[in-house]
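**Student:** Got a structure for you, written out below as structure tokens; questions coming shortly.
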Amino acid sequence: MDFEPSEEQQMLIDQVRRFVREEIIPLEAQLDPDASELDPADHARLVEKTKAMGLFGIDIPKEYGGPDIDIVTRVLLAIEMAQHRAGLYVPCYGTFGGAGLAQIFEANEDQKERYLYPTLRGEKKAFFGLTEPSGGSDPARAIQTKAERRENGWVLNGAKLYISNADRAQYGIVFARTDASKGRAGITCFIIDSDTPGFHVRRVVHTLRSSHYATELEFKDCWVSDHQVLGEVNKGFAVANDRLTRQRIPYAAGCIGVAIAAHEMAIEWAKMRTTFGEKLANRQAVQWMLVDNEIDIRTARHFTLEAAEKARRGLPFKIEASIAKLTASEGGGRVVDRSMQIHGGMGMTKDLPLERWYREMRIRRVGEGPSEVQRMVIAREILGSNLR
Amino acid sequence: MSIRLRLDKPWRPLAADEIARLPGQLGVYQVADAAGAILYIGQAGARAPFGLRSELQREQKERGDGCQFRVEVNQQYRTRWFELLMVHQADHGSLPPDNAKNPPPLGRLSPN
């Protein structure tokens, strides 16, 4: 497979790179180092720019009004969009639009009118409610939130943990157990409006990602009608699995973008900084760190583009997506760590973005399926489905 | 071990000698009137030259005598700040008056 960008892809890459360097980084320099939001006026102005670039709603399929961008190009652009301080979790501060995991393209027409289209227009926000206090890596077994049939609808009881944006969203997609005897075949996905009685955002969960919190949710006799079932009853696990598999590719791309930015900073610093009468760049110890950075980045980039290319061709890409997520999150973490080491004391300060990337990159080895689960997915694939 | 949701340390007078003893660290703080009604919830971020000390010195200069304060050293100053604002809103139905003048984007929290 040839992963060199085409002329057209390179033009888009250059366009996004200019946007990040000329629009995002100067504004970001005025914000708190842990900020994750632009001033609303700046945000609105930049959204107009991304619309003028023809790149707003970049994850939205063409049939829903999004730009016609294939997933390989999307990965190349995601790598560029992440190359600033807040870029790992809020690439370009959301000025390219999109709804992440909560895009509900499998919704019926009524649900699309009520939820999907307003979300794509930027009028509604959504959250993705999968993980529970009992665990997140093994949703088929860990989901204990129950939905019981009652009065032409369902009553939900239970809790969700580490859920982003639930306190600000107008609705969310929530996974609950509708048949306790059926394991993964007993989970249903519901669309829950945030003002539904019995739905509560109970607390903020503080993490290493101090720019943005997660939340804990409680469902207490929360009744929803049959119209709120997304897809079919007892087939919600497939909805979650599809989201998580697809998301692994752009998730990996974000890690690569940050790794490239950290690596470029380390190279620049190594060429400039003199210690004991010698440039850091002339020291073998530093050269080897930079070489290892380069290898980690190239490896992750290759596997991520390979996964994207398979997805683009409509081929199975589950194993490739896991390899991409694994190599990018683990390799990206190593790159940021080495880049901090090369910067010495300055690398530890909030004057540079490295410390934020270090904290946030650590989460990436757990978020969206930890490294161990990715290895398990790959092992199952290469050893056969009978592996227990 | 759970984190305390509300900042419930004793109030200290918003006075120069008290503030001078504060650490130069990141964190959050509350300023109240003499009766203990919260006027403002603030954060000392990485741009404050001496963290909580700088922020409270600025508050004292702007507000003069008669107010009180309390602080919490916290590396997650931003998310903790959002949390304190949302908890205050849930408890009192509104933000502290000086935060309400320029409210940040906040979510809904219904703490137990």
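Computed from the coordinates by the stated procedures, all read-outs in this text should not be read as laboratory data. Source: prediction; values computed, not measured. A quick note on method: Cβ atoms are made from the backbone with ideal geometry, for glycine too, and the neighbour counts reach across all protein chains shown.
**Student:** Quote the convex hull volume per residue of region B:12-100, based on C-alpha atoms, as a whole number of Å³.
**Tutor:** So the per-residue Cα hull volume is 84 Å³.
**Student:** For a protection proxy built on the mean count of beta-carbon atoms within 10 angstrom, sort A:111-121, B:90-100 highest first, please.
**Tutor:** Most protected by this proxy first, the peptides run A:111-121, B:90-100.
**Student:** Note down the nm distance, to one decimal, between modelled labels 7 Å out along Cα→Cβ at residue A:180 and at residue A:348.
**Tutor:** 5.2 nm
**Student:** Mind checking which of B:15, B:74, B:35 is farthest towards the positive end of region B:12-100's charge dipole, using Cβ charges of +1 (Lys, Arg) and -1 (Asp, Glu) about the Cα centre?
**Tutor:** B:74
**Student:** Related question: Only four residue types carry charge here, +1 at the Cβ of Lys and Arg and -1 at the Cβ of Asp and Glu. Report the dipole size of the protein assembly as shown about the Cα centre in Debye, rounded to the nearest 20.
**Tutor:** For the protein assembly as shown, the charge dipole is close to 1060 debye.
**Student:** Same structure again: Among the chymotrypsin sites (Phe, Trp or Tyr not before Pro) in region A:1-110, which ones are in a DSSP loop with at most 15 other Cβ atoms within 10 Å of the Cβ? Mind listing them?
**Tutor:** A:3, A:105
**Student:** Could you sort A:230-238, A:250-258 so that the peptide with the highest average Cβ count within 10 Å comes first and the rest follow in order?
**Tutor:** A:250-258, A:230-238
**Student:** Let me ask something additional. Check each of the GluC sites (Glu not before Pro) in region A:115-198 and keep only those in coil by DSSP with at most 11 other C-beta atoms within 10 angstrom; list them in order.
**Tutor:** Here the sparse-neighbourhood loop sites are A:123, A:151.
**Student:** Quick one: angle between helix A:236-272 and the longest Cα principal axis of chain A, in degrees between 0 and 90, rounded to 10, please.
**Tutor:** The answer is roughly 20 degrees.
**Student:** On a 0 to 90° scale, report how tilted helix A:318-343 is relative to the longest principal axis of chain A, with both axes built from alpha carbons and the result rounded to the nearest 10.
**Tutor:** Here the helix axis deviates by roughly 40 degrees.
**Student:** Find the centroid of the Cα atoms in region A:234-297 and in region A:1-73, then give the distance between the two in whole Å.
**Tutor:** 20 Å
**Student:** Right, next: Roughly how big is region B:12-100's charge dipole about its Cα centre, with Cβ charges of +1 (Lys, Arg) and -1 (Asp, Glu), in debye to the nearest 20?
**Tutor:** 300 debye
**Student:** Considering the dipole of the protein assembly as shown built from charges on the beta carbon (Lys and Arg +1, Asp and Glu -1) around the Cα centre, which of A:43, A:64, B:87 is farthest to its positive end?
**Tutor:** B:87
**Student:** Now, a different point. Per-residue mean of other chain beta-carbon atoms within 10 angstrom of the beta-carbon, peptide A:200-210?
**Tutor:** 6
**Student:** Here's another thing I want to ask about it. As I understand it, the value is the acute angle between the Cα axis of helix A:7-19 and the longest principal axis of the Cα atoms of chain A; what does it come to in degrees, rounded to 10?
**Tutor:** Compared with the principal axis, the helix lies near 90 degrees.
**Student:** Could you tell me which trypsin sites (Lys or Arg not before Pro) in region B:1-89 are loop residues by DSSP with no more than 14 other beta carbons within 10 angstrom of their beta carbon?
**Tutor:** Sparse-neighbourhood loop trypsin sites (Lys or Arg not before Pro): B:4, B:6, B:21, B:47.
**Student:** Only four residue types carry charge here, +1 at the Cβ of Lys and Arg and -1 at the Cβ of Asp and Glu. Report the dipole size of region A:271-353 about the Cα centre in Debye, rounded to the nearest 20.
**Tutor:** 180 debye
**Student:** Taking other Cβ within 10 Å of each residue's Cβ, how do A:329, A:164, A:134, A:6 sort, fewest first?
**Tutor:** A:6, A:134, A:164, A:329
**Student:** Starting from 0.36 nm per residue, how many nanometres of slack lie between residue B:34 and residue B:70 once their C-alpha separation is accounted for?
**Tutor:** 11.7 nm
**Student:** Give me the inter-chain shielding for A:32-42: mean count of other chain Cβ atoms within 10 Å, whole number please.
**Tutor:** So the per-residue partner count for this stretch is 3.
**Student:** Quickly estimate the mean residue ellipticity at 222 nm for the protein assembly as shown, helices only: each DSSP H run with n ≥ 4 gives -39500 (n - 2.57), and the total goes over all residues, rounded to 500.
**Tutor:** -13000 deg cm²/dmol
**Student:** Excluding same-chain residues fewer than 8 positions from residue A:49, which aspartates and glutamates have a Cα within less than 19 Å of its Cα?
**Tutor:** A:14, A:22, A:23, A:28, A:37, A:39, A:59, A:68, A:80, A:123
**Student:** Right, another one. Show which lysines lie in cross-link reach of residue B:61 when reach means a straight Cα distance below 24 angstrom and same-chain residues fewer than eight apart are skipped.
**Tutor:** The reachable lysines, counting only those whose Cα sits under 24 Å from residue B:61, are B:9, B:101.
**Student:** Considering the dipole of region A:126-230 built from charges on the beta carbon (Lys and Arg +1, Asp and Glu -1) around the Cα centre, which of A:222, A:199, A:185 is farthest to its positive end?
**Tutor:** Going by the Cα projections, it comes out as A:185.
**Student:** Separate question: Do you know the relative contact order of chain A, to the nearest whole percent, from alpha carbon pairs under 8 angstrom that are 6+ apart?
**Tutor:** Once normalised by length, the contact order is 15 percent.
**Student:** Counting only other chains, what is the mean number of Cβ atoms within 10 angstrom of the Cβ of each residue in peptide B:41-49?
**Tutor:** For this peptide, the per-residue mean of nearby foreign Cβ atoms is 3.
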